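Written below as structure tokens is the structure these notes are about.
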Amino acid sequence: MNILVTGGAGFIGSNYVRYLLDETDDKVVNLDLLTYAGNLENLAGLEDHPRYRFVKGDIRDAGLVSALLAETRTEAIVHFAAESHVDRSLDAPGAFLDTNTRGTQVLLQCALQHQLGCFVMVSTDEVYGSLPAGEPGFTEETPLAPNSPYAASKAAADLMCRAYRRTFGLDVRITRCTNNYGPYQFPEKLIPLMIANALEDKPLPVYGDGLHVRDWLHVSDHCRAVDLVLRQGVAGEIYNIGGGNEWPNLAIVKRLLAVLGKPESLIRFVPDRPGHDRRYAIVAAKIRRELGWQPRQDFAAGLAHTVQWYCENRSWWETIRSGAYRDEYARLYGPGGRYADG
Ligand code: NAD
Ligand code: DAU
């Protein structure tokens, strides 16, 4: 199969590109704008892979996407590209609407125009909003009630996928996953930020009382689930993906400090995130039942491996945190650079 992956230079997208090249015979085109979150280091070693091609470009550029679909004879799109960080959406909501909602609509329109066989929309559990303590997790039938601009932009994209299915008959499948962790996660997100700060003996900022709950899933389990939906899922269906692995943030932070052998005195309680969702949890019964998926990565071992990865790949996140990687992109993609436009 010829697959177009969007956002394949980000955290989950790069793990998925590696999954495809390792586990399948598919040809993979990775379309990524290389925003602050996109990093070709995440794909180091794949540059000359015979079944892989990187294209720097914007999912909102209909001309580019359309030409790419035709030229590469794309059969399926797996759509990860997004502005993904809730805190940034509080400062710049417009960018989220533009990339996440409008960008998805552009891709859907191009998919329709080229009569693509399958479009997998990587949505999120945040579209369901906040889950009260003690209630069972979100199912695919739970009404959408997004609370942050990020979540609202993803919910709008998710509903646009539904509209393209219902109105135009496009083969769209939607996944809604819980919080991911693992290698190559940008160090603005909870787990990598806390690991990096702890390694540098910097304060670990915990929002509010630290008792907000997230359901953590290793990125490899998410990638396998997305791939199952691509190959065995049903057109028009929604699949929740989650590990049944709920933890309050403070417990995660303390656990990371214990693994790293660092003192809890590094923890700093800071003002809460505005609109902060108290709890997310997913019922993943449908994908388990219908596609035979289940998480493989044990949480304690997955977290320990993740800590080890950030310890062993210190230069990866130090470069990001120093901003040096942006200079490198300007050198490669700016005027005269190896990947300069035109
Ligand atoms: P990320 O921020 O690490 O990566 C996003 C990627 O998209 C980057 O490589 C970036 O350069 C690219 N991108 C952004 N705007 C683009 C544009 N206009 N055109 C082309 N590329 C563009 O994000 P992530 O954490 O890997 O999340 C990937 C997807 O999975 C997102 O859609 C997110 O909503 C969803 N998701 C994430 C999680 C999680 O825990 N991280 C959980 C569920 C769903
Ligand atoms: O649930 C899926 C979502 O998970 C994805 O759709 C998003 O793209 C992804 O960013 C993630 O959203 P969260 O807001 O849950 O992730 P984040 O890592 O930003 O925060 C996790 C929890 O930790 C949340 O309750 C806020 C808290 N937090 C986060 C940071 C960065 C802190 O207490 N301190 C911090 O410094």
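Each value in this text was obtained by applying a stated rule to the coordinates, not by laboratory testing. What you see is a predicted model; the values in this text were computed from it and never measured. Note that we place each Cβ from the backbone using ideal geometry, even for glycine, and neighbour counts take in every protein chain shown.
Could the peptides 163-176, 265-278, 7-20 be put in order, highest first, of the mean number of other beta-carbon atoms found within 10 Å of their residues?
So the order, starting with the most tightly packed, is 7-20, 163-176, 265-278.
What list of ³J(HN,Hα) couplings, whole Hz, do you get for segment 6-12 from phi and the Karplus terms 6.51, -1.76, 1.60, once you set θ to phi - 60° and write x for glycine and proline?
Going residue by residue, I get 9, x, x, 9, x, 4, 6 Hz, with x marking Gly and Pro.
Along the charge dipole of segment 1-113, which of Thr74, Tyr36, Leu46 sits closest to the positive end, that is, farthest toward it, with unit charges on the beta carbon of Lys, Arg, Asp and Glu (+1, +1, -1, -1)?
Toward the positive end, the furthest listed residue is Thr74.
So which lysines pass the test for Lys262, namely a Cα distance under 26 Å, with those fewer than 8 places away in the same chain ruled out?
Lys262 reaches Lys189, Lys202, Lys254.
Order of Phe186, Phe138 from fewest to most other C-beta atoms within 10 Å? Write down the numbers at each step before the final one.
Working: Phe186 18, Phe138 25.
In increasing order of surrounding Cβ atoms, one gets Phe186, Phe138.
Divide by every residue of the chain the summed helix terms, -39500 (n - 2.57) for each DSSP H run of at least 4, and state the resulting mean residue ellipticity at 222 nm, rounded to the nearest 500 deg cm²/dmol. Present the calculation step by step, with values, prior to reporting the outcome.
On the way: 13 runs with 140 residues, N = 342.
Computed ellipticity for the chain at 222 nm equals -12500 deg cm²/dmol.
In whole angstrom, how far apart do the alpha carbon centroids of segment 142-175 and segment 46-70 sit?
24
Have a look at the DSSP beta bridges in the chain and tell me what percent are antiparallel, nearest 5.
On the way: 3 of 40 bridges.
Once the DSSP bridges in the chain are tallied, antiparallel ones form about 10 percent.
Taking only the C-alpha atoms, wrap a convex hull around the chain and report its volume per residue in Å³ as a whole number.
Details: hull volume 44.9 nm³, N = 342.
Per residue, the Cα convex hull of the chain comes to 131 Å³.
Given H placed on each backbone N at 1.01 Å, which residues far from Leu204 in sequence or on other chains put an amide H within less than 5 Å of it?
Here the answer is Ile267, Arg268, since their amide H atoms fall under 5 Å of that of Leu204.
Among Gly134, Gly323, Gly57, which one shows the biggest mean-square fluctuation in a GNM of the chain, springs joining Cα atoms closer than 10 Å?
Sorting by GNM fluctuation, first place goes to Gly134.
Which whole-Hz ³J(HN,Hα) couplings does segment 239-253 yield from phi under the Karplus relation 6.51 cos²θ - 1.76 cosθ + 1.60, θ = phi - 60°, glycine and proline marked x?
My calculation for segment 239-253 gives 10, 6, 10, x, x, x, 9, 8, 9, x, 4, 4, 5, 5, 4 Hz in order.
Residue-wise, which Karplus ³J(HN,Hα) couplings in Hz belong to segment 32-45, taking 6.51 cos²θ - 1.76 cosθ + 1.60, θ = phi - 60°, and x for glycine or proline?
So the Karplus estimates, Gly and Pro as x, are 8, 7, 6, 6, 3, 8, x, 8, 5, 4, 5, 10, 4, x Hz.
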